[in-house]
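Working notes, structure below.
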Amino acid sequence: MRFIAVFNQLQTTTSFGFDNLSDAVDFLCWGYEDQELIPQGVYDALTDQATPYLHAGRRIGDFSTAAIRTIATNYLTSIRQWLGFPGPSDG
């Protein structure tokens with residue numbers, strides 16, 4: 001999983017991982033249109049780049065790229081621990 005979609009749902013900010021960028025962007029698009037998600041952006045775990053989501057050329061949320069990066073890296077840390085993979089401080 002390389003791309004992390006960051007979004008709000010029911011006033012809770014969360015993330016979900018994808019193997020490719022198009023799936024992450026499609027998830028945010030359809031989630032916004034059908035599932036009442038408020039898309040924030042996509043984080044690329046390989047390049048450490050966060051990109052705000054644009055829907056029809058317009059930004060939906062007000063998160064900064066730094067906030068998107070922080071939320072996504074926290075998500076990666078939490079699933080790493082949940083899956084039993086060592087983190088940076090675990091050796």
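We did not get these values from a lab; they are worked out from the coordinates using the rules stated. Every value quoted in this text rests on a predicted model; they were computed, and no experiment measured them. Cβ coordinates were reconstructed from backbone atoms using ideal geometry, including for glycine residues, and neighbour counts include every protein chain displayed.
For the reader, a short list of remarks on this structure follows.
- Burial order of peptide ranges 9-20, 42-53 (average beta-carbon count within 10 Å, highest first): 42-53, 9-20
- The chain: calculated mean residue ellipticity at 222 nm from DSSP helix runs of at least 4, using -39500 (n - 2.57): -12000 deg cm²/dmol
- Helix 21-34 vs. the chain, principal-axis angle (Cα, 0 to 90°, nearest 10): 50 degrees
- For the peptides 22-28, 61-67, residues were scored by their other Cβ atoms within 10 Å and the scores averaged per peptide; the highest-first order is 22-28, 61-67.
- Each of Ile71, Ile4 was scored by other Cβ atoms within 10 Å of its Cβ. Listed from fewest to most, they are Ile71, Ile4.
- Axis angle, to the nearest 10 degrees, between helix 65-83 and the longest C-alpha principal axis of the chain: 50 degrees.
- From the coordinates shown, Kirkwood radius over Cα pairs in Å corresponds to which of [x] 13.2; [y] 15.2; [z] 20.6: [x]
- Taking other residues whose beta carbon is less than 13 angstrom from the beta carbon of Gln49, and scoring Lys, Arg as +1 and Asp, Glu as -1, yields 0.
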